[in-house]
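What follows is a set of notes on a single structure, which appears directly below.
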Amino acid sequence: MKNIRHIIAIIGLFVTMLSCSEEYLNEPKPTDVVSPDVVYGSYEGAKAHIAGILRRTRGQFLNTENGNLGSMYFAREVKGNISALSGSWFRNDYENNFREPNSNRSQFSWNFPYYLINQVNSFIEGVETSTAISEDNKKILLGQAYTMRAYFYFELSLEFQHTYTYDPNLQAPPIYTKSNATAGQPMSTMKDMYKLITDDLERAIAIGSLNRDNRSYFSKAVSYGTAARVYQVMGNWPKAQEYANKAYGGNVDVVLSPQFYASGFDDMNRGNEWLLADPQQADQSSYYWLAPHAFYTRTESAYNNTFINKSFVALFSPSDVRNQFFKTGAGITDYREWYTRKFKFAFTSHLVLMRTPEMILIEAEAMYKQGDESGAHSLLYKLQKNRDAQAVKSSNAGVALYEEILTERKKELYGEIGVEWYDAKRLRRGLSRDIWHRVNLTNNPMLPDDKRFFLKIPQSEIDANPNIPKDINNNR
């Protein structure tokens, strides 16, 4: 164990030093960076490289609101109706005006996934060419890597174009499958990008393993879960149902832990719901850059700038374990009236990235979309009854049942993955706000297929990449 920790520390330096920039390629190579022969000279070394990449997903990349995966998800979260910001970090995302080519949001949402993709490409190349790693272990490693690459490209696709079903032939970010590329690639299409994503996921599912060291690793369960999300966005409902079911295992009764829902969403090992997480520890923390915890909390000292819409609070019965809402103080009756204790903040809090209830609800939605309303309703009710012992099965059918499924997604997943924004975008709906907001967007609402659902291409990328047209942001 001591040797593995030593390798991980070295790999962390190796990952930090890797870069896809031309400037890096032209610089003298440092003599103290671990050699790829060492990294891929053993299964343990390659595992340590993955640990190094995963560490970067939860790090401090640019600034407090542009730091890690949590930052991407929380920026989406605050664009909707559920959460209201008083100001400070993420206020521009909340106001839906943070998409220009020189904005930090556009820069981060482009550079951060590409940074991680480059690391994964390097890892894939190293593992595939290694003569020291067995074929069985290569499959385990590559199953994780292909899932990670698909995951990061999927996030890029969500950030920089209309949803897939709007028009698969629209331009999408460039595709890189080799590390340290010196020549910028042209824009791809959504069709090309989703082919890469689904090809990577299908390959990962074919060769990957369900076994892993902890829930921060992209095991086959995460491959299934990522594929369920992707096929959900694409509207491929048979695939979405199949993989969502496989992601949680198909037995609702054994994959939910309602007794831990009020524990603060700060420990991936508590209960059995978390499929993927970014854990932190005291000496490897993103500190106050941890979204959503540092922004929702009012019981720990942090930014404390995010409140919960009272109309959303009203959706929860008193007996629902998810009812973790509290009043901020006597006399406060505006948008700041309610806050949530769903997320407990500490420098060691873990970040949730994927949970079994999401997969259950994807399966229910997919069943509905394929005409199995009875099955969808029964599955939905199983989750509802798990969360609220006094829940009564609704009489909803047709469109009303579908809306109930979508509402349950909001109730279950708010604060985690930007679910309200995600659903509005993929379903090509608007994203309206009521009056319980500091900025209610009444005069400038988010309409279906609104361009504010995606970002403009960063100016720095346009300047550096001759294969991207200078006028690409015209009419974006």
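Quick notes on this one:
- All positions within the range 144-167 that are under 15 Å from the mean Cα position of the chain (by Cα) and either of a type in the set (S, T, N, Q) or at pLDDT below 95 (or both): Thr147, Ser157
- Meets criteria (surrounded by fewer than 18 Cβ atoms within 10 Å (Cβ to Cβ) and either assigned to a helix (DSSP H, G or I) or among the small types (Gly, Ala, Ser) (or both)) for Ser394: yes
- Filter result (of a type in the set (A, V, I, L, M, F, W, C), assigned to a helix (DSSP H, G or I) and in contact with a Phe, Trp or Tyr (Cβ under 7 Å, 6 or more places away or on another chain)) within the range 233-263: Val233, Met234, Ala240, Ala247
- Criterion (within 23 Å of Met446 (Cα to Cα) and surrounded by fewer than 21 Cβ atoms within 10 Å (Cβ to Cβ)) met by exactly one of Asn111, Asn102, Asn137: Asn102
- For the range 301-327, a residue qualifies if it is hydroxyl-bearing (Ser, Thr, Tyr) and at pLDDT 95 or above, and the qualifying residues are Thr306, Ser311, Ser317, Ser319.
For every residue, the table says whether it meets (1) assigned to a helix (DSSP H, G or I); (2) of a type in the set (D, E, K, R).
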{"position": "Lys191", "(1), (2)": "yes, yes"}
{"position": "Leu196", "(1), (2)": "yes, no"}
{"position": "Asp200", "(1), (2)": "yes, yes"}
{"position": "Arg215", "(1), (2)": "no, yes"}
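- Screening the range 38-73 for residues that are assigned to a helix (DSSP H, G or I) and among the polar types (S, T, N, Q) and picking the one that is surrounded by the most Cβ atoms within 10 Å (Cβ to Cβ) gives Ser71.
- Residue tally, condition surrounded by 21 or more Cβ atoms within 10 Å (Cβ to Cβ) and either within 24 Å of the chain's Cα centre (by Cα) or not in a helix (DSSP H, G or I) (or both), over the range 369-382: 1
- Between Leu276, Leu290, Leu210, the distinction of being within 27 Å of Ser157 (Cα to Cα) and modelled with pLDDT under 95 belongs to Leu290 only.
- Unmet criterion (only one of (1) aliphatic (A, V, I, L, M); (2) modelled with pLDDT under 90; (3) within 26 Å of the chain's Cα centre (by Cα); (4) farther than 17 Å from Ser86 by Cα) for Ala330: (3)
- Taken over the range 418-475, the criterion of being in a helix (DSSP H, G or I), surrounded by fewer than 17 Cβ atoms within 10 Å (Cβ to Cβ) and acidic (Asp, Glu) is satisfied by Asp463 alone.
- Taking the range 185-218 as the range and being of a type in the set (Phe, Trp, Tyr) and either more than 19 Å from Lys239 (Cα to Cα) or in contact with a His (Cβ under 9 Å, 6 or more places away or on another chain) (or both) as the test, the residues that pass are Tyr217, Phe218.
- Some residue of the range 179-188 being in a helix (DSSP H, G or I) and of a type in the set (A, V, I, L, M, F, W, C): no
- No other residue among Asn81, Asn97 is in a loop (DSSP other than H, G, I, E, B), at pLDDT 95 or above, surrounded by fewer than 24 Cβ atoms within 10 Å (Cβ to Cβ) and out of contact with any helix residue (DSSP H, G or I) (no Cβ under 6 Å at 6 or more places or on another chain) apart from Asn81.
The values are calculated or read from the model by the stated rules, or taken from the named source; none is laboratory data. Only a predicted model underlies this, so the values are computations on that prediction, with no experimental measurement involved. Cβ coordinates were reconstructed from backbone atoms using ideal geometry, including for glycine residues, and neighbour counts include every protein chain displayed.
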